[in-house]
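Visitor: One structure is given below, represented as structure tokens, and several questions about it will come after.
The values are calculated or read from the model by the stated rules, or taken from the named source; none is laboratory data. None of the values given here were measured: they were computed from a predicted structure. Methodologically, a virtual Cβ is constructed for each residue, glycine included, from the backbone with ideal geometry; neighbour enumeration extends over all protein chains shown. Accessible surface is based on the protein model in full, side chains and every heavy atom, while ligands, DNA and RNA are left aside. Shrake-Rupley method; radii C 1.70, N 1.55, O 1.52, S 1.80 Å.
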Amino acid sequence: MEKRSGHTGGNVADLYIMGEKIMFGHSNMDLDCFGSLSMARYLYPGHLMVRSGRIHPVAKNLYTVYRDHLEMITAKELKKHSIDEVVIMDTRQYDRVKEYFRFIPDFSGKITVYDHHCETDCDIPGASVYDGDFGANTSMLCMELLKRDIHVDENDATIALAGIYADTGNFSHGNVTGRDFQAAQYLMEHGASLNAVGKLLSKLREEHQVSLFHRLLNTIQFHNIQGYSIITSWMKLEGQMAGLAAVIERIFEVEDADAYIAVFELEKEGSHLLIGRAGNPRIDLNIIMNSFGGAGHPQAASALIKNSSGFPIYAHLLNMLEQRLKHALTSMELMREAVTISRKMTLLDSALRLEESGNSGAPVVDEDERLVGMITLRDIQKGRKAGQMNAPVHAYMTRNVIHADRNTTIREIEQMFYRHDIGHLPILEDEKVVGQVTRSDYIKFLQNNGDFREIIPQE
């Protein structure tokens, strides 16, 4: 296909003349929203880009730097136009775009939506929705441009790459797909600047953010809820502050937890603000925040609860977590069948049994099937070098064995592997071995994004 560019290069005044078609993202525009719009301008040349009256603090630096390049008008300026087509980015919920429609109350034209939140129903009347499985909405637009062989400006490529990095948590969120990486490659090939992206994503720039970071650390509460490590904090503020989300993200990076939710009581506004971050794929913060009228992603979501002064929001949040979280996965979902070695067996017999079972190690048990040790191929190799293959297995086994039970969570198993540098973890019930979790089982669990159903026990 012929290579082409959709950017007109004109100024805002030129666009006013042909500005009967517009495109915008959700209110409180974030980096993914700006990234989506920077790519959509190539699919919809001539459409006027409109910005929200609210820009997410993390995206304000980007907008400040690229304001002239983006050439956006405000939602209020839509009153000057007769609009016949609307393209919406990164949401399919009317409440998140009603800010714009308030200024075009008689609009009855075509509406097209590009939104990667596939789990959300569209409540925008008459909208045609394009969606897909992407970690960032910007990636969906990039893949369409790649398919059409459209070239983009290096500034737009940088804006888009910042959007992908932000919405995928630097490609660490559980919803990241291979197409997000393809989109990033496409943008890099078109001149996206990693240096600029790094500066745009840098956190805690302001003195008040650093101060809040340390204050919040002192308020953190640790909880074990449904087997998850959850941290929460509660703090009073006079009102909303710029950069709160960046502070929450930084604390979540520092603390080793499955999720972090901060509750801010905004005294002047009589409201509460909830901001959450999660790293465990079984924790969906979007569901939790929806209960408070908020929204977001499974890994990052927030909610503003107006007129809630005096209401015990923090206690309500803890109750909600108890009710809504699925119980954490345990060793029962991950363990393989127990292959045991009798302590009376020789090293040679043990080697043959391990070879037959395809295991590199196995628990050693006594006559009552109780755990007494662990033998691995590495231990047997020591006996082979010493010419002691007929020696009893108990002479070479490890005696102080780290073990778990059926209710040990995957997170706890992970910590055991890291802390004790072991490759095999026997699972006990009433002191008897009922299963085993190996390091390779855990690796497969990670590779399948925490979906134990796809794990095939194989050492």
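Visitor: Assuming a ≥ b ≥ c are the square roots of the Cα gyration tensor eigenvalues, decide whether segment 131-193 counts as rounded (a/c under 1.5), prolate (otherwise, with a/b larger than b/c) or oblate.
Guide: Values: a/c = 2.15, a/b = 1.35, b/c = 1.60.
The shape class here is oblate.
Visitor: Quick one: Karplus J couplings for segment 159-168, per residue in order, coefficients 6.51, -1.76, 1.60, θ = phi - 60°, nearest Hz, x for Gly and Pro?
Guide: Going residue by residue, I get 4, 5, 5, 4, x, 5, 4, 5, 7, 9 Hz, with x marking Gly and Pro.
Visitor: On to the next question. Got the relative contact order for segment 90-199 handy, in percent, Cα pairs under 8 Å and 6 or more residues apart? Intermediate values should be presented prior to the final figure.
Guide: Values: 142 pairs, mean separation 27.7, N = 110.
The normalised contact order for segment 90-199 reaches 25 percent.
Visitor: While we're looking at this one, here's another question. Might you tell me the accessible area per residue for segment 266-349, computed with a 1.4 Å probe and given in Å²? Present the calculation step by step, with values, prior to reporting the outcome.
Guide: Working: 3950 Å² over 84 residues.
Counting only protein heavy atoms, the per-residue value for segment 266-349 is 47 Å².
Visitor: Can you give me the Cα centroid spacing of segment 115-132 and segment 250-269 in angstrom?
Guide: Result: 29 Å between the Cα centres.
Visitor: Excluding residues fewer than 8 places away in the same chain, name every one of the lysines whose C-alpha is closer than 29 Å to that of LYS236.
Guide: Reachable lysines: LYS60, LYS203, LYS268, LYS306.
Visitor: Using only the Cα atoms of segment 275-418, build the gyration tensor, take square roots of its eigenvalues as a ≥ b ≥ c, and label the shape rounded, prolate or oblate: rounded if a/c is under 1.5, else prolate if a/b is larger than b/c, else oblate.
Guide: Details: a/c = 4.53, a/b = 3.76, b/c = 1.21.
Cα axes put segment 275-418 in the prolate bin.
Visitor: I've got another one for you. Taking the Cα centre of the chain as origin, work out the dipole magnitude from +1 charges on Lys and Arg Cβ and -1 charges on Asp and Glu Cβ, in debye rounded to 20.
Guide: Values: 48 positive and 62 negative charges, 128 e Å.
For the chain, the charge dipole is close to 620 debye.
Visitor: I want the local charge near LYS21. Using Cβ-Cβ distances under 10 Å, sum +1 for each Lys or Arg and -1 for each Asp or Glu among the other residues. Could the numbers behind the result be given before it?
Guide: Details: positive: LYS110; negative: GLU20, ASP84, GLU85.
The answer is -2.
Visitor: Please give every one of the aspartates and glutamates within straight-line cross-link reach of LYS444, meaning a C-alpha to C-alpha distance under 15 Å, and leave out same-chain neighbours fewer than 8 residues apart.
Guide: Candidates past the 8-residue exclusion: GLU333, GLU414, GLU454, GLU459.
Visitor: Filter the GluC sites (Glu not before Pro) in segment 330-359 to those in DSSP coil with at most 15 other Cβ atoms within 10 Å of their Cβ, and list the result. Write down the numbers at each step before the final one.
Guide: On the way: sites: GLU333, GLU337, GLU355, GLU356; in loops: GLU337.
Listed in order of number, the matching sites are GLU337.
Visitor: Which FRET efficiency, nearest 0.05, do ILE287 and ALA395 yield, Cβ-Cβ r, R0 51 Å? Mind showing how you got there, number by number?
Guide: Values: r = 55 Å, r/R0 = 1.07.
In this case the efficiency is close to 0.40.
Visitor: Counting Lys and Arg as +1 and Asp and Glu as -1, what is the net charge of the other residues whose Cβ lies under 13 Å from the Cβ of ALA127? Write down the numbers at each step before the final one.
Guide: Numbers: positive: ARG92, ARG96, LYS110; negative: GLU85, ASP115, ASP121, ASP123, ASP131.
Taking every other residue near ALA127 into account, the sum is -2.
Visitor: In angstroms, what radius of gyration and Dmax does the chain have, counting Cα atoms only?
Guide: 27.6, 92
Visitor: Okay, next question. In segment 225-305, what GluC sites (Glu not before Pro) fall in a loop by DSSP, with at most 10 other Cβ atoms inside 10 Å? Before the final figure, lay out the partial values.
Guide: Details: sites: GLU238, GLU249, GLU253, GLU255, GLU265, GLU267, GLU269; in loops: GLU238, GLU255, GLU267, GLU269.
Here the sparse-neighbourhood loop sites are GLU238.
Visitor: Only sites in a loop by DSSP and with at most 14 other Cβ atoms within 10 Å count here; which trypsin sites (Lys or Arg not before Pro) in segment 320-422 make the cut?
Guide: Working: sites: ARG324, LYS326, ARG336, ARG343, LYS344, ARG353, ARG370, ARG378, LYS382, ARG384, LYS385, ARG399, ARG406, ARG411, ARG419; in loops: LYS326, ARG343, LYS344, ARG399, ARG406.
Qualifying residues, ordered by number: LYS326, LYS344, ARG399, ARG406.
Visitor: Still on this structure, I have one more. Over segment 94-228, average the accessible area per residue using a 1.4 Å probe and give it in Å², no decimals. The partial results should precede the final answer.
Guide: Working: 6600 Å² over 135 residues.
That works out to 49 Å² for each residue.
Visitor: Quick one: if the Förster radius is 45 Å, what FRET efficiency do GLN240 and GLU337 give, using the C-beta to C-beta distance and rounding to 0.05? List each step's numbers first, then the result.
Guide: Details: r = 55 Å, r/R0 = 1.21.
FRET efficiency, GLN240 to GLU337: 0.25.
Visitor: Another one. Could you tell me the center-to-center distance, by alpha carbons, between segment 86-103 and segment 46-84 in angstrom?
Guide: 13 Å
Visitor: Setting aside same-chain residues fewer than 8 positions from LYS79, which lysines have a Cα under 21 Å from its Cα?
Guide: Output for LYS79: LYS21, LYS98, LYS110.
Visitor: Rounded to the nearest 500, what is the 222 nm mean residue ellipticity of the chain from helices alone, with -39500 (n - 2.57) per DSSP H run of 4+ residues and division by all residues? The partial results should precede the final answer.
Guide: On the way: 17 runs with 166 residues, N = 459.
Mean residue ellipticity, 222 nm, calculated: -10500 deg cm²/dmol.
Visitor: Could you tell me whether segment 62-169 comes out rounded, prolate or oblate from its Cα gyration tensor? Rule is a ≥ b ≥ c as square roots of the eigenvalues, rounded for a/c under 1.5, then prolate if a/b exceeds b/c, otherwise oblate. It would help to have the intermediate numbers written out before the result.
Guide: Working: a/c = 1.79, a/b = 1.25, b/c = 1.43.
Taking the square roots of the gyration eigenvalues as a ≥ b ≥ c, segment 62-169 is oblate.
Visitor: Still on this model: Sticking with the crude label model, points 7 Å out along Cα→Cβ, report the distance from ASP256 to HIS327 in nm, one decimal please.
Guide: About 2.5 nm separates the two model spin labels.
Visitor: Carbon and sulfur together cover what percent of the accessible area of the chain at a 1.4 Å probe radius? The partial results should precede the final answer.
Guide: Working: 10100 of 21770 Å².
Roughly 46 percent of what the probe reaches on the chain is carbon or sulfur.
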